[in-house]
Amino acid sequence: MQRYAIVIGLVILCLSFITGCSSGNEDEATVNEQFTSSEEFNAFNESTRQEQDANTSQPSDLVGYLKNAAECESTRQLTIPFEVDSTVINEETIGGLDNCVGADEETSYALFLFGETPFGNIDIKWMMRIRESMYRDWELMAATYEGDQLLNFQIVGSYRENLKEHIFSNIEVNRQGGGLVITANTERDIEYPIEQLNTEYKEFRIDGEGIINEVE
């Protein structure tokens, strides 16, 4: 009899544990449902969908825009070594940049010349690609030129802020050997669907010929 009582007790305990877990999952599901059903979130999703449609219909060849950017000039000279952080990438700084290429009926983004760095016979233009959006959606690109000829380019930093995520890249540029090294630490604060905070590290090298390679 005592043995049966122990078995029954264990069964009741297991059922209570399963019920508790189910209740916790239901509570979390309710919170997620409330969030995804909010007007602000629905507006964000609609905005994102429209931007994706625009990006699909726009010319996919970014090279053409960067070739045109060869004629753009900046008064901001970024002397090596230098760092690009939150004191440099902000609404005030971006608002003071001149529109270089884009933002017409054919594309949903514009290119702004953030600064230039002379490096031997080549010129490195640091371009900000800014997508038209109610939320922040920026990318920092390094593009190398020899005269008016585009040699190479690479996206080195991301800056996004919306209801789902907050992303910011800290960039450092230094000399190493006969080339340059770009290190990018990107902080990602993801709020939905699963909260997570992490840092992504990337490294790029620019050689004397203007070729940019990501270091694996």
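Where a number appears in this text, it was derived from the coordinates with a stated rule and is not lab data. Since this is a predicted model, take the numbers as computed values, not measurements. As a convention, Cβ positions derive from the backbone with ideal geometry for all residues, glycine included, and neighbour counts pool all protein chains shown.
The table below gives the values:
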quantity: Cα-Cα pairs of the stretch 135-216 separated by more than 22 Å (percent); calculated: 35
quantity: Charge dipole (debye, nearest 20) of the stretch 86-183; +1 at Cβ of Lys and Arg, -1 at Cβ of Asp and Glu; calculated: 420
quantity: Per-pair calculated FRET efficiency, R0 = 22 Å: residue 148 and residue 209 via Cβ, rounded to 0.05; calculated: 0.85
quantity: Value of Rg to Rh for the stretch 110-163 (Rh from inverse mean 1/r over Cα pairs, i.e. Kirkwood); calculated: 1.07
quantity: Cα pair distances exceeding 14 angstrom across the stretch 148-194, given as percent; calculated: 63
quantity: Angstrom value of the Kirkwood radius, inverse mean 1/r, which spans all Cα pairs in the stretch 64-209; calculated: 16.0
quantity: Under 26 Å from residue 164, Cα to Cα: lysines that are on another chain or at least 8 residues apart; calculated: 202
quantity: Sites matching GluC sites (Glu not before Pro) across the stretch 107-169 that sit in DSSP coil, with at most 16 neighbouring C-beta atoms within 10 Å; calculated: 132
